[in-house]
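Have a look at the structure below, then the notes.
The values are calculated or read from the model by the stated rules, or taken from the named source; none is laboratory data. Remember, it's a predicted structure, so these values are computed and weren't measured experimentally. Cβ placement follows ideal geometry from the backbone for every residue including glycine, while neighbour counts extend to all protein chains displayed.
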Amino acid sequence: MIKFFRRVRQTLLSENKFSKYLIYALGEIILVVIGILIALSIDNWNEQKKLKIQEAEVLTEIISDINVNINKFNETINGKNRIGNINNTLHSLNIIIEHLKSTEAYHDSLDRHFGIMTLSLNYINYKTSGYESLSSIGLDLIRDAKIRSEIGEFYTTSIIIPKDVSLGIVEDFNNYMLDYMRKEFIINDDPASNIYTLHPRNYNALRDKGEFLESLKIYFSSFLNYKHEINSAKEASNTLKTNIETYLNK
């Protein structure tokens, strides 16, 4: 092809057809430019295709992480294999609070409810490998601005709030509840219930102080808030998952 164009140029010059030569040369330049533009377009198309595949892979991993975390949310709230799940903790705390407020004599069945408090620290270790991969590449990999914004908000707010609440509960437990357990209770290993039960050294004295009851009320409200924030995070998780799946199926 190059030899053909060279022969044409030489023929036009040898025949002194300079005006035709200029037109031909201009046409040749245009053809070269068009060729370059086509090559650049193909390179750009290939690059966009690679980025789209990479985007789909990252978003698929994020969906997988969301599914794992939703299971963790459910386990934290009501997991059968987690005796100190939030629902059990709230149930036991409510029974203890109502008993302390009453004038009923102590019953050994309360030992198990006190024991559940020792297992009530439900810190969620999120799976975030998909978001970490996206962050290392850059959030601009997500072409859709709405999805990109939702992902950023989800990982910086929606799942951070429950974690912060759980850390507050851990701090409350260590600063207040643990001290009560050490000073005011006897720990008994209960193989039948597979937990440590707590028996008050002097239940009436503990009831008369009033301070313990108020601490339990605060602890109870913290767990109610924790459950609320986890449910909010679950809702946000399902919404983001649905939106990503819809986006990938376009």
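Scanning the range 157-205 for residues that are at pLDDT below 90, among the β-branched types (Val, Ile, Thr) and out of contact with any Phe, Trp or Tyr (no Cβ under 8 Å at 6 or more places or on another chain) yields one hit, ILE195. Against the definition (under 19 Å from the mean Cα position of the chain (by Cα) and either assigned to a helix (DSSP H, G or I) or under 30 Å from MET177 (Cα atoms) (or both)), how does ILE63 come out, yes or no? Taking the combined requirement at face value, the residue satisfies it. Note on the range 113-154: residues that are within 28 Å of LEU90 (Cβ to Cβ) and surrounded by 14 or more Cβ atoms within 10 Å (Cβ to Cβ) amount to 15. Based on this model, can you work out whether GLY115 counts as among the small types (Gly, Ala, Ser), in contact with a Ser or Thr (Cβ under 8 Å, 6 or more places away or on another chain) and over 30 Å from MET181 (Cα atoms)? Judged against the criteria, GLY115 is not a match. Residues of the range 225-250 that are charged (D, E, K, R) and part of a helix (DSSP H, G or I): LYS227, GLU229, LYS234, GLU235, LYS241, GLU245.
For the range 89-112, the candidate set comprises residues that are among the acidic types (Asp, Glu) and touching a residue at least 40 places away in the same chain (Cβ under 8 Å); within that set, the residue that is surrounded by the fewest Cβ atoms within 10 Å (Cβ to Cβ) is ASP108.
The residue that is nearest to TYR126 (Cα to Cα), counting only those in the range 76-100 that are among the β-branched types (Val, Ile, Thr) and assigned to a helix (DSSP H, G or I), is THR76.
Results for (1) of a type in the set (Val, Ile, Thr); (2) at pLDDT below 95, shown as yes or no for each residue.
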| site | (1), (2) |
| --- | --- |
| ALA56 | no, yes |
| LEU59 | no, no |
| PHE73 | no, yes |
| ILE77 | yes, yes |
| ASN81 | no, yes |
| ASN85 | no, yes |
| LYS101 | no, yes |
| GLU104 | no, yes |
| HIS107 | no, yes |
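Conditions: (1) surrounded by 13 or more Cβ atoms within 10 Å (Cβ to Cβ); (2) without any contact (Cβ under 8 Å) to a residue 24 or more places away in the chain; (3) farther than 20 Å from MET117 by Cβ. GLU235 meets all but one. Number of the miss? The number of the failed condition is (1).
Which residues, taken from the range 146-177, are of a type in the set (Lys, Arg) and closer than 16 Å to SER133 by Cα? Break it down stepwise before answering.
Within the range 146-177, the first condition is being of a type in the set (Lys, Arg), and the residues that meet it are 146, 148, 163.
Answer for the range 146-177, where residues must be of a type in the set (Lys, Arg) and closer than 16 Å to SER133 by Cα: just ARG148.
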